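S.K.: Below you'll find the structure I mean.
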Amino acid sequence: MNSDNDLQIAGDILEVPHLLQPPREHPATVAEFVGLARSIAVDRGQWAHLVRYDATTRWYHRLRTGPGYEVWLLSWVPGQGSGRHDHGRSSGVLTVLEGALTEHTARGTRVLAAGAQHVFAPGFVHEVVNDALEPAVSLHVYSPGLTEMPMLPRSASRSAEGTTAHPLCEARPATA
Ligand SMILES: [Fe+2]
């Protein structure tokens, strides 16, 4: 059997449409949520005009909702932080769009620079702070949509400042 015969046996996949998966309208897997976040991150037209830096509170805007997920855009001026919290029963994908955010978890502290992506499971606990001198913008995909954001006491290694009990860790909506 030569290569021509192999090609003939394999056929042309474009002529076998029933073997092709149509692109899903909505993401449903972790990989698809990561892909959604990346596709929004590179398309500044979807979010750049919605960034709003507010010195009194972190600013957030719900970019998109779909069956079983929500996408939020957050703006952080230097010094703003989330407080230590988990995400109820939601999984999430955190993507830094501009600037850098510092994330404190039980495993330690790391800086997430623009382009960094972080996937977390239900029950994941963290505290996110803009410790940089420049504002930051981040994108958050939650699945299912965020219904609770329990605030937790800071760990012993962190400052003893009080926490802010807010239903969302991510401040207030861009629309009333
Ligand atoms: Fe969070």
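S.K.: Please enumerate the residues belonging to segment 78-97 that are surrounded by 18 or more Cβ atoms within 10 Å (Cβ to Cβ) and farther than 16 Å from residue 144 by Cα.
M.R.: Scanning segment 78-97 gives 80, 81, 82, 83, 84, 85, 95, 96, 97.
S.K.: With respect to residue 66, determine if the residue is touching a residue at least 40 places away in the same chain (Cβ under 8 Å) and either of a type outside the set (Lys, Arg) or under 23 Å from residue 150 (Cβ atoms) (or both).
M.R.: yes
S.K.: Same structure, new question: Go through (1) closer than 26 Å to residue 68 by Cβ; (2) modelled with pLDDT of 90 or more; (3) not β-branched (Val, Ile, Thr) for residue 146 and report which single condition fails.
M.R.: (2)
S.K.: Here's something else I'd like to know. From the list 103, 98, which residue is more than 10 Å from the ligand (Cβ to nearest atom) and either within 25 Å of residue 50 (Cβ to Cβ) or of a type in the set (Phe, Trp, Tyr) (or both)?
M.R.: Working: 103 fails: more than 10 Å from the ligand (Cβ to nearest atom).
Criteria check complete, one pass: 98.
S.K.: Considering only residues that are within 12 Å of the ligand (Cβ to nearest atom) and assigned to a strand (DSSP E or B), look in segment 86-95 and name the one that is farthest from residue 34 (Cα to Cα). Full working, then the answer.
M.R.: First, pick out the residues of segment 86-95 that are within 12 Å of the ligand (Cβ to nearest atom): 86-88, 90-94.
Applying the additional criterion that residues be assigned to a strand (DSSP E or B) yields 91-94.
Values: 91: 12, 92: 9, 93: 6, 94: 9 Å.
The residue in question is 91.
S.K.: Name the residue that is farthest from the ligand (Cβ to nearest atom), counting only residues in segment 111-127 that are under 12 Å from residue 99 (Cβ atoms) and assigned to a strand (DSSP E or B). Give the steps one after another, and end with the answer.
M.R.: From segment 111-127, those under 12 Å from residue 99 (Cβ atoms) are 111-116; that's our starting set.
Next, from what is left, pick out any that are assigned to a strand (DSSP E or B): 111-113.
Values: 111: 16, 112: 12, 113: 18 Å.
By that ranking, first place goes to 113.
S.K.: OK, next. Select from segment 90-139 the residues that are in contact with a Pro (Cβ under 6 Å, 6 or more places away or on another chain) and without any contact (Cβ under 8 Å) to a residue 40 or more places away in the chain and list them in ascending order.
M.R.: 99
S.K.: If you scan segment 128-137, which residues turn out to be away from the ligand (no atom under 13 Å from the Cβ) and in a strand (DSSP E or B)?
M.R.: Selection gives 136, 137.
S.K.: Between 166, 140, which is assigned to a strand (DSSP E or B) and either surrounded by 15 or more Cβ atoms within 10 Å (Cβ to Cβ) or modelled with pLDDT of 95 or more (or both)?
M.R.: On inspection, the qualifying residue turns out to be 140.
S.K.: For segment 67-85, what are the residues that are within 11 Å of the ligand (Cβ to nearest atom), in a loop (DSSP other than H, G, I, E, B) and of a type in the set (Gly, Ala, Ser)?
M.R.: 82, 83
The values are calculated or read from the model by the stated rules, or taken from the named source; none is laboratory data. Computed from a predicted structure; not experimentally measured. Cβ sites come from the backbone with ideal geometry, for glycine too, and all protein chains shown count toward neighbours.
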